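The values are calculated or read from the model by the stated rules, or taken from the named source; none is laboratory data. What you see is a predicted model, and the numbers here were worked out from it, not measured in a lab. Cβ coordinates were reconstructed from backbone atoms using ideal geometry, including for glycine residues, and neighbour counts include every protein chain displayed.
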């Protein structure tokens, strides 16, 4: 197993952010040590320059990353979440303090990650500012941060007490004293590097060489692992693996159980093409390459919906789709029957209520399907109902509601406007 660790993008290559010469501009790893009980300040947040408690702390994400011209072109993947964690911990240490986070976009792609970001914003009072920081400099005992808020379209200037940079995670460079540098002195350990300096899998673009565990299905950026046969290092590593997968390599049943799956509520096997796409470098949300993908997607959607009309993609969560569907079919004051037996059905009712519709609730216990007879009775009691809305597959309770039967029953009742 080769665990190389990583280095941090040097602040000296960020002259617009002080170039490492401003003592109260530190990287996230240094701030993590300030938060740690075993750290230099015993867990108390203090400014490096004078030991005072910072009242306003600015976190700058993507410092030196996602910047192919002056830094590293890739996303380091871990910064969004640890920055939110550090901002929350700072609020717990300094109750009267105010943390700010400048970000390009939030990449919270894991179970509970989006909820954690929402907690930082809504419960902990962390102020998120969408935009880039253009300049950081010292002014007396303050650190001036110049940036912009692209959501409001205004320039932002903050007189901060401390600035924390989420700098890019870069590979441990060959020739250094770090683990990656020493690897080059091991006979037979010839590890190929990609364009960014990270180790490549042993065999690329081979379906049989894929890792058998979700933890190993990504191109390793922090840990580069290889499993070797006992007889010789030169007898070729087969693929990146985690320890449990390596120990059970000969057990085909274990390999099948350990293959990547989605639990939504699943389990569902993840298609190989999806895994291939997830391993690729994250694409920018602008530029010629993005426009090409966007145009191709629109063309494919026209085939799906069997139309030649224009299609517009509206980014948003599933709730945005529910909101648009109800808003397109109803007007304020219309009566709608909302049937629900789980979280998303209740969300459907909340959205309908927020749009000013008159709601008639039809419910079933969590884990039980909706009863078409209940829907039929609701329609008889409310003949002026304009719409029946329900969630076909309530994933929070893994229940599929009998949509065809419900639809047939409703049609027989004949609502005034069956849409």
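The table for this structure:
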{"read-out": "Matching residues, segment 343-352, being in contact with a strand residue (DSSP E or B) (Cβ under 6 Å, 6 or more places away or on another chain) and either within 12 Å of residue 323 (Cβ to Cβ) or part of a strand (DSSP E or B) (or both)", "value": "348, 352"}
{"read-out": "Residue ID - modelled with the lowest pLDDT, chosen from residues in segment 164-198 that are in a strand (DSSP E or B) and within 24 Å of the chain's Cα centre (by Cα)", "value": "171"}
{"read-out": "Total residues in segment 68-94, condition in a loop (DSSP other than H, G, I, E, B) and free of Cβ contacts under 8 Å to residues at least 60 places away in the same chain", "value": "4"}
{"read-out": "Positions within segment 101-157 being in a loop (DSSP other than H, G, I, E, B) and either without any contact (Cβ under 8 Å) to a residue 24 or more places away in the chain or not assigned by TED's automatic domain parsing to the domain that holds residue 82 (or both), in sequence order", "value": "109, 111, 112, 140, 150, 151, 152, 153"}
{"read-out": "Number of the condition not met by residue 97 [criteria: (1) free of Cβ contacts under 8 Å to residues at least 40 places away in the same chain; (2) in contact with a helix residue (DSSP H, G or I) (Cβ under 7 Å, 6 or more places away or on another chain); (3) under 28 Å from residue 142 (Cβ atoms)]", "value": "(1)"}
{"read-out": "Meets criteria (more than 21 Å from residue 99 (Cα to Cα), at pLDDT below 95 and in a helix (DSSP H, G or I)) for residue 4", "value": "no"}
{"read-out": "Among (1) at pLDDT 90 or above; (2) out of contact with any strand residue (DSSP E or B) (no Cβ under 6 Å at 6 or more places or on another chain), the one test that residue 338 misses", "value": "(2)"}
{"read-out": "Residues that are under 27 Å from residue 362 (Cβ atoms) and part of a helix (DSSP H, G or I), drawn from segment 287-336", "value": "318, 319, 320, 321, 322, 323, 324, 325, 326, 327, 328, 329"}
{"read-out": "Number of positions in segment 21-63 that are farther than 21 Å from residue 8 by Cα, free of Cβ contacts under 8 Å to residues at least 24 places away in the same chain and surrounded by 14 or more Cβ atoms within 10 Å (Cβ to Cβ)", "value": "2"}
